[in-house]
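Below is one structure; the comments refer to it alone.
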Amino acid sequence: MNASPSARRGREVRERLQAAAAELIAERGWSAVSTRLLADRAGVGPGLVHYHFPSLQALLSEAALGTVRALADELGALLDRADGLDEGLTGLLAALDHYDGRDTTSLLFSEVYLAAARDPELGAALADVLGATRRRIARWLAAHGAPAPEDTAAVLTAALDGVMLHRPLDAQLTSARVAPVLRRALHP
């Protein structure tokens, strides 16, 4: 059964609000996003922000976590297609080379990590997403014979996050530079 026109419009408004929130978090920083600014960017009245979401923070959190989940799913699917540890690592790093640290996604990631450190509810939700990502990577590592897959997945995930955090400060921190070091961790 098809959704009613009003339900479709409501879903479209929610999607526009989330897209605007993700853009503004990256452009302005988490704490600089206001209801009015967000509504203006989404092309809706400010009242619709609170009609569709319990609070501005809830909207920002949902938008940011959606972006984090989408990238985690994309990278997980990439690993699922990889035939071995080296191919998977090469694919992961090549995918991350598309982010220079100053792009919208990288900036949003930096902002959500900072906001999560100050907001326990967001922190718990982000920890859940990261935990699921680490478990998926650990299963992939185990399937390809990597030692201590859970510990390796935790360190690999943290290392990749660190590379992305440092990338705007060091443009030379590319997959070509990082891959040999991470390969040694996968093949001790």
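Under 20 Å from a point placed 7 Å out from the Cα of Ser34 along the Cα-to-Cβ direction: which residues of the range 8-28 have their backbone N that close?
Under 20 Å, as judged by backbone N against the label point of Ser34, lie 17-18, 20-28 of the range 8-28.
For the chain, what does -39500 (n - 2.57) per DSSP helix run (n ≥ 4), summed and divided by total residues, give at 222 nm, in deg cm²/dmol to the nearest 500? Write out the running numbers ahead of the final one.
Numbers: 9 runs with 146 residues, N = 188.
So the calculated ellipticity at 222 nm is -26000 deg cm²/dmol.
Quick one: compute the contact order of the chain, relative version, from alpha carbon pairs under 8 angstrom and 6+ residues apart, as a percent. Write down the numbers at each step before the final one.
Numbers: 172 pairs, mean separation 39.6, N = 188.
Answer for the chain is 21 percent.
According to a simple spin-label model (label point 7 Å from Cα along Cα-to-Cβ), what is the distance in nm between Ala58 and Ala77?
3.0 nm
None of the figures in this text is laboratory data; all of them are computed from the coordinates on show. What you see is a predicted model, and the numbers here were worked out from it, not measured in a lab. With ideal geometry, Cβ positions are generated from the backbone for all residues, glycine too; neighbour counts draw on all protein chains shown.
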